[in-house]
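The values are calculated or read from the model by the stated rules, or taken from the named source; none is laboratory data. What you are looking at is a predicted structure, and each value in this text was computed from that prediction instead of being measured. Note that we place each Cβ from the backbone using ideal geometry, even for glycine, and neighbour counts take in every protein chain shown. To get the accessible areas, we keep the full protein, side chains included, count just its heavy atoms, and leave off ligands, DNA and RNA. Shrake-Rupley method; radii C 1.70, N 1.55, O 1.52, S 1.80 Å.
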Amino acid sequence: GTAGNPVVFTDLEDDSYGNPADTRQNGNATYPSTGGTDFIFNDVSDDASSINYAIMRYTSYGITLNSAAPSITNTTFNKMIHGIRCFGVSTPAINNNTFHDLTNTPFTISLVSYPSSTPGNTISGTTFKAIRINDETLTQDVSLPKRSFAGINNIPYSIYYYTIGTGVTLTIQPGVIIKFESSGYLTVNNGLIAEGTATNEGNIVFTSLSDDFHGGDSNSNGTATPYNGTLWNGIIINDVANDAFTRFQNCIFRMAWASQGTIRTINANPSILNCNFNTCYNGVYATGTSNPLINNCDFYNINQEAVNNVNQTFTINAENCWWGSNSGPTHSGNPGGTGEPVTNGVDYLPFGTSGVINPLTGDVSLNGLVQAFDASLVLKHVATVITLNAKQQVVADVSGTAGITAYDASLILQFAVGMFRT
């Protein structure tokens, strides 16, 4: 089409387009329905195919690509689940498109490929501000980087369920944010390397799609919308996993409500270092002959056990962790400990006694809580009334962009008053 005369693909009941617009001449008796896919490009299709200046409305999926790479430009996707789905090795050009009022993400990807170009796109209305990863089993080594789309720097990835197959490793680069749909989970059958850096911008985040604090309002339901109870079901590390290639460092695990652990190990021995578990049902849930290494981690706001050594075949090394209280974890061997509970078979000595080791983003006072007082400290720092120390500055830059600014204070204050899930 052209800018002034686009090609329109829509439902027969859509009275917004056509001459006459009410094509079926039934007035308002019926309403457009969604379902199916408008276009499917298979791997034998010609990658010289082009969709330009089109409007696609009222379908489940506008375009589905099966290892195909057409050019999709200047097109509006409206009233559907996903605009574009990319399966297999699909590398389309997705340029200057508008994704408006979708019920999920603008497009989906397989981890083995990504669109060849994505400039000039916009997301608006109810469209999720995330990139959806297809429900699939990974069959080759992949490194997942931070990406930008539609003007969103480091746009989160969203997952329902994903499996890392045998013999391959998924490496997640520093700073990546992964948000899980309700009941979503990740299964590891070989390697998962998630090693971030000790900065807000470098932490790797695993959280719920409902979490507006990390990565923003990804499900586009408004930052003031109360938390709706949709949580994810954790990371499952099976006995076939390669311990040397299953490593977590400088990660944040948040809002997982799995009864068998945010990280569940089944005869597996991953290393979990300098990580933060908060607002979860369980922390690490080790079964069988599992013997994970858990050092220098933070556990707080845990509903059940921070570390549950179910079978106690080995004593789990969980030293130098902060358990949500300077008195150490709740355990019969630690009289007076009021922190998050641990089971027998967990070596929690020595434990952190001077506050959190990896402070919660926004906890500028380093007291384990995000409060309005923290916002005031940021503003004083911005106005050069005070100078925050190095650790405080790490957690003060909650937006992860442009350094410490008044905008960071605004985000902290919104969090403190309940506009974000605490």
Highest GNM mean-square fluctuation among ASP397, ASP408, ASP43, for the chain with Cα springs under 10 Å, belongs to ASP43
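Quick one: compute the contact order of the chain, relative version, from alpha carbon pairs under 8 angstrom and 6+ residues apart, as a percent.
7
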Calculate, for segment 236-293, the solvent-accessible area per residue in square angstrom, rolling a 1.4 angstrom probe over the heavy atoms of the protein chains. 29
Shape box of segment 31-80 [Cα atoms, principal axes, largest first, Å]: 36, 21, 9
Relative to the longest principal axis of the chain, what angle (0 to 90°, nearest 10) does the C-alpha long axis of helix 372-382 take? 80
Given charges of +1 on the Cβ of Lys and Arg and -1 on the Cβ of Asp and Glu, with all other atoms neutral, how large is the dipole of the chain about its Cα centre, in debye to the nearest 20? 400
In degrees, nearest ten, helix 406-416 long axis to first principal axis of the chain (Cα): 70
Please report the spacing between the Cα centers of segment 169-226 and segment 372-388 in Å, no decimals. 28
Kirkwood-Stokes translational diffusion coefficient of segment 292-344, alpha-carbon pairs, 10 °C, 1.306 mPa s, µm²/s: 143
Per principal axis, largest first, the Cα atoms of segment 1-40 extend in Å by 31, 25, 10
Which of VAL385, VAL89, VAL205 moves the most in a Gaussian network model of the chain with Cα springs under 10 Å? VAL385
Along segment 85-95, Karplus-curve 3J(HN,Hα) (6.51, -1.76, 1.60; θ = phi - 60°) to the nearest Hz, with x for Gly and Pro, reads 10, 10, 10, x, 8, 10, 10, x, 8, 10, 10
With 10 Å bins from 0: P(r) over segment 254-367, alpha-carbon pairs, percent: 16, 52, 28, 3, 0
Quick one: dipole size for segment 1-54, taken about the Cα centre, charges +1 on Lys/Arg Cβ and -1 on Asp/Glu Cβ, in debye to the nearest 20. 180
Please compute P(r) over all alpha-carbon pairs of segment 166-269, binned at 5 Å starting from zero, and give each bin as a whole-number percent. 3, 13, 21, 22, 21, 12, 6, 2, 1
At 222 nm, what helix-only mean residue ellipticity would the chain give, in deg cm²/dmol to the nearest 500, using -39500 (n - 2.57) for each DSSP H run of four or more? -2000 deg cm²/dmol
Taking only Cα atoms and a 10 Å spring cutoff, compute GNM fluctuations for the chain and point out the largest among GLY62, GLY18, GLY83. GLY18
Cα-based reach from LYS380 at 22 Å (exclusive), listing lysines while leaving out same-chain residues under 8 positions away: LYS391
Tally up the carbon and sulfur contribution to the accessible surface of the chain as a whole percent, 1.4 Å probe, everything protein left in place. 50
Could you work out how far the C-alpha centroid of segment 30-62 sits from that of segment 106-155, in angstrom? 19
Charge dipole of the chain built from unit charges on the beta carbon (Lys, Arg +1; Asp, Glu -1), centred at mean Cα; most positive-end Cα among THR353, SER33, LEU138 is THR353
